[in-house]
1. In region 192-252, how does Rg compare with the Kirkwood Rh, expressed as the Rg/Rh ratio over alpha carbon atoms?
2. Taking a point 7 angstrom from the Cα of THR323 along the C-beta vector, which residues in region 218-258 have backbone N less than 16 Å away?
3. By the scheme Lys and Arg +1, Asp and Glu -1, what is the net charge of all other residues having a beta-carbon under 10 Å from that of HIS182?
4. Quick one: net charge around CYS47, please, counting Lys, Arg +1 and Asp, Glu -1 for every other residue with C-beta under 13 Å from its C-beta.
5. If I stretch the segment between VAL197 and LYS109 completely, what's the gain in nm (0.36 nm per residue apart, minus their alpha carbon distance), one decimal?
6. Return one quarter of the surface area of the convex hull spanned by the alpha-carbon atoms of region 198-307, equal to its mean projected area, in nm².
7. Please report, as a whole percent, how much of the solvent-accessible surface of the chain comes from carbon and sulfur atoms (probe radius 1.4 Å).
8. Could you check the spin-label model distance between LYS213 and ARG88? Points 7 Å from the Cα along Cα→Cβ, value in nm.
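The values are calculated or read from the model by the stated rules, or taken from the named source; none is laboratory data. For clarity, every value in this text was computed on a predicted model and none was experimentally measured. Because the Cβ atoms are built from the backbone with ideal geometry, glycine has one as well, and the counts that use them run over all protein chains shown. These accessible areas exclude ligands, DNA and RNA; they are computed on the full protein's heavy atoms, side chains included. Shrake-Rupley method; radii C 1.70, N 1.55, O 1.52, S 1.80 Å.
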Amino acid sequence: MEKKQLDWSNLGFGYIQTEKRYVSTYKDGAWSEGMITEDPMVTLNECAGVFQYAQTVFEGMKAYTTEDGRIVTFRPDLNASRMADSARRLEMPVFPEEKFIDAVVQTVKANAAYVPPFGSGASLYIRPYMMGTNPVIGVKPADEYMFRIFVTPVGPYFKGGAKPIAIKVSDFDRAAPNGTGHIKAGLNYAMSLHAIVTAHEEGFAENMYLDAKTRTKVEETGGANFIFITKDNKLVTPKSSSILPSITRRSLMYVAEHYLDMKVEEREVELAEVKDFAEAGLCGTAAVVSPVGKIVDHGTEICLPSGMSEMGPVTKKLYDTLTGIQMGRIKAPEGWIKEIC
């Protein structure tokens with residue numbers, strides 16, 4: 001299989017249309033067999049449920065070329081499970097988890113020429129998504145749905161390495177208690193757009209959202225979970241029923257405990273204690289870990305001891321270990337790596 005002639009080392013983090021994608025439809029209570037298609041266009045009725053009432057969920061994951069030349073993806077079973085949870089919460093039919101994994105494998109195999117070579121710093125981003133497709137004018141779930149996967153080669157989220165970012169404590173709430181903050185629904189991201197644009201206009205890279213009930217506890221950003229490193233070398237991550245259960249965060253917690261012999265705490269994190277941490281970072285599929293150097297709370301600067309020049313030493317170990325597992329340089333725990341071809 002010959003790779004596409006792309007400038008792999010200079011790819012940005014953006015959409016490049018590839019040749020194949022996967023599609024399956026739900027009608028009369030059952031999912032179709034599913035197929036690979038070359039057609040990137042989706043044609044829907046103007047009254048489709050996805051347009052009227054935002055009935056859509058999605059996932060984000062990556063495929064990599066390992067050091068020994070295999071194409072693999074990372075923990076797709078957890079993406080399948082999380083998408084099933086998201087679908088249930090929005091009264092959408094669950095796309096079967098084994099079928100989800102098979103669809104990912106089919107789509108990546110069909111686009112193997114677009115998987116960046118090892119050492120390029122790039123990867124193949126995989127976007128599974130599902131939406132209500134039949135006309136719905138009354139407020140109710142759709143009856144018909146479409147599940148699709150497209151892929152696109154992307155460069156590293158941070159060109160030249162991950163430099164610490166400055167973020168702000170947001171005046172907006174990301175999710176309501178007992179709401180939809182724990183699922184990967186398009187509506188959660190739509191409501192965060194104004195807040196992130198506002199943060200960028202003010203010179204910040206991201207927002208720190210607090211819990212909506214008391215506005216005293218750290219939750220997450222618009223698209224990533226927080227991790228903190230204490231001065232006595234513990235990894236602490238916020239616990240809340242209204243934050244997205246990040247697969248990257250879950251993996252970093254395991255890496256910290258089992259590879260780096262660190263203590264791990266998943267607990268409520270008060271905003272007032274953030275000043276006492278040694279390092280902070282945001283974790284997610286796109287960047288793996290984004291180090292945080294400064295948090296501004298309405299004019300009060302909280303400067304992490306790790307500084308604004310480079311990733312903190314413990315965060316760097318976590319990042320290097322997890323990416324080493326993903327790229328095949330470090331032995332992975334059982335079941336973490338799904339070989340595609």
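1. Values: Rg = 12.9 Å, Rh = 12.9 Å.
Here Rg/Rh amounts to 1.00.
2. Within reach of a label on THR323, which here means backbone N under 16 Å from a point 7 Å along Cα→Cβ, region 218-258 contributes 248-249, 252.
3. Details: positive: ARG82, ARG89, LYS184; negative: ASP85.
Around HIS182, the charge tally is +2.
4. Neighbour charge sum, excluding CYS47 itself: -2.
5. Taking 0.36 nm per residue and subtracting the Cα distance, the gain is 28.0 nm.
6. 6.9
7. Summing carbon and sulfur atoms, their accessible area is 50 percent of the total for the chain.
8. Each label point is offset 7 Å from its Cα along the Cβ direction, giving 2.2 nm.
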